[in-house]
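The next block holds one structure in the form of structure tokens; read it before the comments.
The values are calculated or read from the model by the stated rules, or taken from the named source; none is laboratory data. Nothing here was measured: the structure is a model prediction, and the numbers come from that model. Cβ: placed from backbone, ideal geometry, glycine included. Neighbour counts: every protein chain shown. Surface accessibility is based on the protein's heavy atoms, side chains included, excluding ligands, DNA and RNA. Shrake-Rupley method; radii C 1.70, N 1.55, O 1.52, S 1.80 Å.
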Amino acid sequence: MKILVGVQGTGNGHISRCHALSEAFSAHPEVEVDYLVSGRAREKLFDMDAFGDFQWRQGLSFQVREGRISVLDTLSQNPWGQFWQDVRDLDLSSYDLVVTDFEPVTAWAARRQGVRCIGLGRQYAFFKQTSALPTNILQRAMMRQFAPCDTVVGMHWEDIGTHVLPPLIHHAPNAEPTLAREILVYLPFEPLDQVLALLQDFPEYQFSVYHPETSRADLGHIQCYPPSRKGFAESFARAEGVIANAGFETSSEALAYGKKLLVKPLSGQFEQLANAHCLEHRQLASVMESLNANYVESWLENALAVRMDWPDVGPELATWLANGAKESVLSLHERLWQSSQRIALSA
């Protein structure tokens, strides 16, 4: 069995999820797994050792300006000609299976060459209409065309449909925070100066801010860090709470570890808006529509943490894929959700 995994590099959540899958594949030495990453400049990728000698393509990505998706920039700045050339040039003849975490080059190449493609990841939860994730028909159609697949395996925090599994994260057996008043801040799509200004009035808290525009800096109660998978994980483990955009993976990790969570959805990004709606509706997290110090103050003083107990999805998925993904998604869905539950609310 030989598998090609397409990794969408625009967000660290996709990469983190595929890190967990790569780790799970190590229990299946009989399976040869290659990786292709797109959506981010190669020199801006970091901590990619888990993917070995991975392939890279420019791919496609949404363009962000001032914390908001820019449709004009997205249409004008993506390399459409190069993308279709990469799709045509990618040879899949040696692969039995393609798995794409919303990575479009591998997805479209698989469609053109008739290789079975499994769409695995958060975005595939949106491929079918559910009341928990409010989207319109045009938005769902856009998702399907961005990275099409033959078999849909979406992910969500709760059981909302037979095509959806619990989140794929590194399993978190210990969900207790280690340091009170320690807060991790990950708002990479917001201007750095606005993020720092937001935190200035809370000197009684310690903030670890990870942002692509910063270098290592000590600002008293605010510590700034450039992107780092290892450093982020260490800060996350210490944190009592997390302030982040409404991305799926960071939210999932916060819920798995029992961290209180405040999200600010990226304006104009319907996936993040749907995530925020669901988190707030199910009382899994607090939501602020803008960078608002009053929201932050209320959350710091009053928010409760929710812990979700999910099974270790990675080994189940790796075994399923290693066996040729012959078991139905419905069967996989039923088995994994049986052992999932919302554990507790804690102060």
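Kindly provide log₁₀ I(q)/I(0) values, in the same order as q = 0.12, 0.13, 0.14, 0.25 Å⁻¹, from the Debye equation applied to equal alpha-carbon scatterers of region 14-115. With no solvent term, the Cα-only Debye profile gives -0.46, -0.54, -0.62, -1.46.
I need the peptides 205-212, 99-106 ranked by packing, meaning the mean over residues of other C-beta atoms within 10 angstrom, with the highest value on top. Could you put the intermediate results ahead of the total?
On the way: 205-212: 19.5, 99-106: 28.1.
Ranked by mean Cβ neighbours within 10 Å, highest first: 99-106, 205-212.
Across q = 0.12, 0.21 Å⁻¹, region 124-227 modelled as identical point scatterers on its alpha-carbon atoms has Debye log10 I(q)/I(0) values of -0.69, -0.98, in the order of the q list. Per residue, the chain exposes an accessible area of 43 Å² to a 1.4 Å probe, with every protein chain left in place. Within the full protein context, the accessible area of LEU304 is estimated at about 100 Å² for a probe radius of 1.4 Å.
Across all Cα pairs in region 97-157, the calculated P(r) in 10 Å bins from zero up to the longest distance comes to 26, 53, 20, 2 percent per bin. Ignoring ligands, DNA and RNA, what percent of the accessible area of the chain is carbon or sulfur (1.4 Å)? Answer for the chain: carbon and sulfur cover 49 percent of the accessible area. The chain has equivalent-ellipsoid semi-axes of 32, 23, 19 Å, by the square roots of 5 times the alpha carbon gyration tensor eigenvalues, sorted largest first.
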